[in-house]
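Report on one structure; see the data block that follows.
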Amino acid sequence: MHVIGGPASTALAERISRELGNAPFAIPFSKRFPDGELYVRIGGRLGGEEVVLVQSSRTDQDFIELLLLEDAIREAGARKLIVVVPYFGYARQDRSFFPGEPVSARALSRHIEAVADAVVTVDMHSPLTMQSFTKPVFEASGIPAIARLLRERPVDLLVSPDKGGVDRVRRMAELLGRPWMSLEKKRIDSDRVELSLPTSTPVDLEGKQVVIVDDVISTGGTIVEAAKLLRRHRVRAVSAACTHGLFLRDAFERIKAVTDELFSTDTLLNPAEKASVAPDVAQILKREVPRLG
Ligand code: R5P
């Protein structure tokens, strides 16, 4: 198996190649033409090879590079192409709310799978997007990577900031053998949220060392409000962990000001990157690629 690390995911791709027993690893050349168009080139022929392309699609540029690299890999003669999209951009636009809107995440998945034989992603925000693929698609989780890290820390309680994260926090709680709870979240707009404790099951937070677990940290609004709420209820320490750390604008500084520690996986480059999903992605590749035929 050959691993190609797209410009958005070079470090993670190299870690994945190591997890695959030091699979041959290459970084493509990429540049921009004066008119703004992107150019990529991979070295050498890949005749008859199984190729794994790793490229998060955080920006539109990342996505175009991904499509160009898929084409280059096929041109080079790859027999099988598995595209690993550690952070799948547009995944939160998983449905259309008003007439005239696209299902943006589905639009991207269709283009990616048109050339790939299979797709692997990590903590895709919505099951709807997973279901929009017609080719085999596999989802690794960032939860085991974060759990490996949290095992070294004192943790009394794991908290999901909203109901949508209950499965994730429950899985983390099982791995660490710790209790969990979920807050109630009301989104006011794309920057503002309101959080509250559940009224149904009162929880004593005083003196607890708490970790908030989310899939994505974007503007940071969710984590900042969750941390403030938990502090008002006199927790001893509050940390935040996510799979995908986007940390837009001043999110990182705002979260640091209200938390004790911040953890993220390496699906995106960011200053809180402390855990790698490489073993979890490699495990899927080792298990599933031979089954693709
Ligand atoms: C929402 O459903 C997600 O799980 C995250 O909680 C959300 O995307 C985080 O966004 P922000 O950091 O902008 O509050």
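So which residues in segment 129-156 are open to solvent by 30 Å² or more (accessible area, probe 1.4 Å) and more than 18 Å from the chain's Cα centre (by Cα)?
T134, K135, P136, R151, E152, R153, P154, D156
Hey, could you check segment 165-189 for residues that are in contact (Cβ under 8 Å) with a residue 12 or more places away in the chain and more than 23 Å from L149 (Cα to Cα) and say which is farthest from the ligand (Cβ to nearest atom)?
This residue is E184.
Considering only residues that are more than 13 Å from the ligand (Cβ to nearest atom), over 15 Å from L158 (Cβ atoms) and touching a Phe, Trp or Tyr at 6+ places or on another chain (Cβ under 9 Å), which ones fall in segment 190-247?
none
For segment 84-117, name all the residues that are hydroxyl-bearing (S, T, Y) and open to solvent by 10 Å² or more (accessible area, probe 1.4 Å).
If the condition is that a residue be hydroxyl-bearing (S, T, Y) and open to solvent by 10 Å² or more (accessible area, probe 1.4 Å), then Y87, Y90, S96, S104 are the ones that fit.
For segment 1-48, give me each residue that is part of a strand (DSSP E or B) and touching a Phe, Trp or Tyr at 6+ places or on another chain (Cβ under 9 Å).
Within segment 1-48, H2, V3, I4, G5, F29, S30, K31, R32, Y39, V40, R41 qualify.
Look at V155 and say whether it is touching a helix residue (DSSP H, G or I) at 6+ places or on another chain (Cβ under 7 Å) and more than 15 Å from the ligand (Cβ to nearest atom).
yes
Please go through segment 55-75 and pick out each residue that is without any contact (Cβ under 8 Å) to a residue 60 or more places away in the chain and outside any helix (DSSP H, G or I).
Selection gives Q55, S57, T59.
Quick one: which residue in V120, V169, V159 is within 21 Å of E50 (Cα to Cα), at pLDDT 95 or above and open to solvent by less than 10 Å² (accessible area, probe 1.4 Å)?
Just one listed residue meets the conditions, V120.
Going residue by residue through segment 206-218, is there one that turns out to be free of Cβ contacts under 8 Å to residues at least 60 places away in the same chain, of a type in the set (D, E, K, R), closer than 30 Å to F88 by Cβ and buried (at least 21 other Cβ atoms within 10 Å of the Cβ)?
Yes, the conditions are met somewhere in segment 206-218.
Regarding L230, is this residue in the same structural domain as R178 (by TED's automatic domain parsing), open to solvent by less than 90 Å² (accessible area, probe 1.4 Å) and free of Cβ contacts under 8 Å to residues at least 60 places away in the same chain?
no
Mind checking whether some residue in segment 252-262 is within 30 Å of A13 (Cβ to Cβ), assigned to a loop (DSSP other than H, G, I, E, B) and either within 10 Å of the ligand (Cβ to nearest atom) or within 23 Å of the chain's Cα centre (by Cα) (or both)?
yes
Those residues that are under 22 Å from the mean Cα position of the chain (by Cα) and open to solvent by 70 Å² or more (accessible area, probe 1.4 Å), I need them from segment 41-60; list them, please.
Selection gives R58, D60.
So in segment 1-38, with the set limited to residues that are over 26 Å from the mean Cα position of the chain (by Cα) and of a type outside the set (K, R), which one is least open to solvent (accessible area, probe 1.4 Å)?
Ranking the qualifying residues of segment 1-38, first place goes to G36.
The values are calculated or read from the model by the stated rules, or taken from the named source; none is laboratory data. Only a predicted model underlies this, so the values are computations on that prediction, with no experimental measurement involved. Neighbour counts are summed over all protein chains in view; Cβ atoms, including those assigned to glycine, are modelled from backbone coordinates with ideal geometry. Accessible surface is based on the protein model in full, side chains and every heavy atom, while ligands, DNA and RNA are left aside. Shrake-Rupley method; radii C 1.70, N 1.55, O 1.52, S 1.80 Å.
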